[in-house]
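Participant: Just dropping this structure here.
We did not get these values from a lab; they are worked out from the coordinates using the rules stated. Just so we're clear, the structure is a prediction, and the values are computed from it rather than from any experiment. A quick note on method: Cβ atoms are made from the backbone with ideal geometry, for glycine too, and the neighbour counts reach across all protein chains shown.
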Amino acid sequence: MAETHVLFVEDDDVIREATQLALERDGFVVTAMPDGLSGLEAFRSNQPDIALLDVMVPGIDGVSLCRRIRDESTVPVIMLSARADSIDVVLGLEAGADDYVTKPFDGAVLVARIRAVLRRFGHAGGPAGGPEEGLGPDRGLLVFGDLEIDTEGMEVRKDGEPVGLTPTEMRLLLEFSSAPGTVLSRDKLLERVWDYGWGGDTRVVDVHVQRLRTKIGQDRIETVRGFGYKLKA
């Protein structure tokens, strides 16, 4: 099996070196960079399997770097934030990050989150793929008004035009389309889409639902207050 290549952008020397050693002990290949500009260059030259980006780095900040990466690739991105209640968490998710981890973090927790992201991208080191076996609806073409979901080709069209979704957004849409009209709680979506076997921050779900709405139509996914979300049948 190919080794997983991690791009890690962190300006704190101690955190960067300690985290790199911890990840390498778990079998990852790590390219560690101290600022956003060198991180972007490393991303373009190395094509990593996953990127870990600290929010507050010099040059290009982590949120802007995430946005630049997302403009070029669907590679999974995890943001690192010093405060769980920081607006930077939401900004990072809105920029296209798939998940975030709050600092200070335990090395084992970080590794678990990396592996969870890679599992839901359907690989342990290769290019981003479709959902894992057993996730989502039967393979075929699903039609919801002007929205078409090709679950075999992993493509989405709205009014006949292709819609560009990240793998996480695609998995979220597949989960909704597997049970149209059924309310899915945020915790259930965290479990099924983000592969959280533990409690997680439901802001991850909320931001991704909003991003998905902007792409497929604001009224396509309905909020059921106090319960969760559902895809209008």
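Participant: Tell me, yes or no, whether segment 32-44 has at least one residue that is surrounded by 17 or more Cβ atoms within 10 Å (Cβ to Cβ) and closer than 17 Å to Arg113 by Cα.
Facilitator: no
Participant: Give me the pairs: first residue in segment 37-57 and part of a strand (DSSP E or B), second residue among the aromatic types (Phe, Trp, Tyr) and crowded, with 16+ Cβ neighbours inside 10 Å, beta-carbon distance under 7 Å, and six or more apart or on different chains, which are they?
Facilitator: Qualifying pairs under 7 Å: Ala51/Phe43; Leu52/Phe8.
Participant: Within segment 143-190, work out how many residues are closer than 22 Å to Gly96 by Cβ and either within 14 Å of the chain's Cα centre (by Cα) or charged (D, E, K, R) (or both).
Facilitator: 17
Matching residues to (1) assigned to a helix (DSSP H, G or I); (2) closer than 20 Å to Gly164 by Cβ; (3) over 11 Å from the mean Cα position of the chain (by Cα); (4) of a type in the set (A, V, I, L, M):
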residue	(1), (2), (3), (4)
Thr74	no, yes, no, no
Val90	yes, no, yes, yes
Leu93	yes, yes, no, yes
Leu110	yes, no, yes, yes
